[in-house]
Amino acid sequence: FLISVRLNGRSHVSHSLSTSFPARRSFATTISSTMATKPAFRHILDLSKDEKCAFLSSFDSVLSDCDGVVWHFTGPIPGVDKALQLLRADGKKLAFISNNGMRTMDEYRKKFRTLDVEVQQEDIVHPALTTVHYLKSIDMRDAVYCIGTEVFKDYLRQAGFVVLDGPKERFPDNNRAANQVRVYSEYFERHERDPIVGAVVVDIDVNLSLQQLMKAKCYLERSPDCVFIVGATDYVIPLDASMDVIGPGYFIDILERSTGRSALVLGKPGKTLAQVVREKFEITSPKRVLFIGDMLPQDMGFGTRCGFQKLLMLSGGTSKEALFEHDNADQLPNYYADSFADFIELYNERVPNEE
């Protein structure tokens, strides 16, 4: 990981890199990116008492992101446990959609248990399992080249797919007389014994290398039938309110630009994921669903695509300053809050109001 420290609530890495690689995930290019006027969004604690009651009554289900919303990579977010318990006690259905494929389902459930919230596997949308679901739906029988964590690759293997990865060895670079670029030439050649690669899958990989990107590029260019799938598209992954790391979005851009291929996004804010979520949770009234997240393009963009109500939490990857500066109306929330703990105050105010 390359770690950057945020100053004045904004990441210097994300800011400087964006000048070379503008955020252009497929959702941003398929839905109009700007509007003449931004829609009004309000902090949930700035609503009147009647509006707070109306807000709490306006949704039956909560779909929430995890990292930066329910917890940080570096530790818990105060008040989340009580807020989730209050929502569930109020009859709200809880489910969670994460772009983080680095954890197993068991690890997710264990983290929820520390919040005294019991969550079943079917209540969590995991990018690796969404990828498995999609590959099975298209009857993929060829090998899958995967840039991702071992957790992600293990889910593919457990589903019966032949998974290729690497190379993991370093190229020797101490021979100054050799042409180092020539070592890639063999990547472009296909040998009889090589398995046919039917899909290239890219997700978060802390050991990502130029060799892996070159492998993926060659597989994608070798056959137009090779499916290009990506999970997380985040450019920045917040560790907590002060640190973030570079996400896979920039590397996906590199592959898209070098191959001329557009990736199928199975993480947020992908269209295919939206279809999976609607079917999985049998959503017939999208406006009765509150989607909660901390990232504008991925989370709020996904909420717009699905037709959900949207609540942005300032506990993760978006500062209040960045929220108010953002000019893509499709990626803006209906409401915002400092953290899940604000629901505790909402419910505290609601009780005496209803007696």
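A Förster distance of 30 Å, applied to the separation of the beta-carbon atoms of E349 and Q121, puts the FRET efficiency at 0.30. Set the Förster radius R0 to 25 Å, insert the Cβ-Cβ distance between L210 and E150 as r into 1/(1 + (r/R0)^6), and round the FRET efficiency to 0.05. Computed FRET efficiency for L210 and E150 comes out at 0.80. Once the 1.4 Å probe is applied to the protein heavy atoms, the stretch 128-265 comes out at 50 Å² accessible per residue.
Work out, step by step, the length gained on full extension between R113 and R170: first 0.36 nm times the residue separation, then minus their alpha carbon distance; give nm to one decimal. Numbers along the way, then the final one.
Numbers: separation 57, 0.36 × 57 = 20.52 nm, distance 4.11 nm.
Contour length minus the Cα-Cα distance gives 16.4 nm.
When peptides 258-265, 306-313, 89-96, 129-136 are ranked by their average number of other Cβ atoms within 10 Å per residue, the highest-first order is 306-313, 129-136, 258-265, 89-96.
Ligands, DNA and RNA left out, the accessible area of the stretch 128-265 computed with a 1.4 Å probe is 51% carbon and sulfur.
Taking a 1.4 Å probe, which of I237, I254 shows the most accessible area, and what order do the others take after it? Before the final figure, lay out each step's value.
Details: I237 20, I254 65 Å².
Putting I237, I254 in descending order of accessible area: I254, I237.
Here the accessible area of the stretch 310-352 is 46 percent carbon and sulfur, with a 1.4 angstrom probe and all protein chains present.
Once you have the Kirkwood Rh of the stretch 231-355 from its Cα pairs, apply Stokes-Einstein at 10 °C and 1.306 mPa s and quote D in µm²/s.
Roughly 99 µm²/s, to the nearest whole number.
Remark: spin-label model distance Q275-D50 equals 4.4 nm, labels positioned 7 Å along the Cα→Cβ axis.
Taking θ as phi - 60° and the Karplus parameters 6.51, -1.76 and 1.60, the scalar couplings of the stretch 242-249 work out to 10, 9, 9, 10, 6, x, x, x Hz in sequence order, x denoting glycine and proline.
Answer rounded, prolate or oblate for the stretch 128-265, using the Cα gyration tensor with square roots of eigenvalues a ≥ b ≥ c: rounded when a/c is under 1.5, else prolate when a/b is larger than b/c, else oblate. Please list the in-between numbers first.
Details: a/c = 1.71, a/b = 1.09, b/c = 1.57.
The shape class here is oblate.
The values are calculated or read from the model by the stated rules, or taken from the named source; none is laboratory data. Note that the structure is predicted; figures quoted are calculated from it, not measured. Cβ sites come from the backbone with ideal geometry, for glycine too, and all protein chains shown count toward neighbours. Surface accessibility is based on the protein's heavy atoms, side chains included, excluding ligands, DNA and RNA. Shrake-Rupley method; radii C 1.70, N 1.55, O 1.52, S 1.80 Å.
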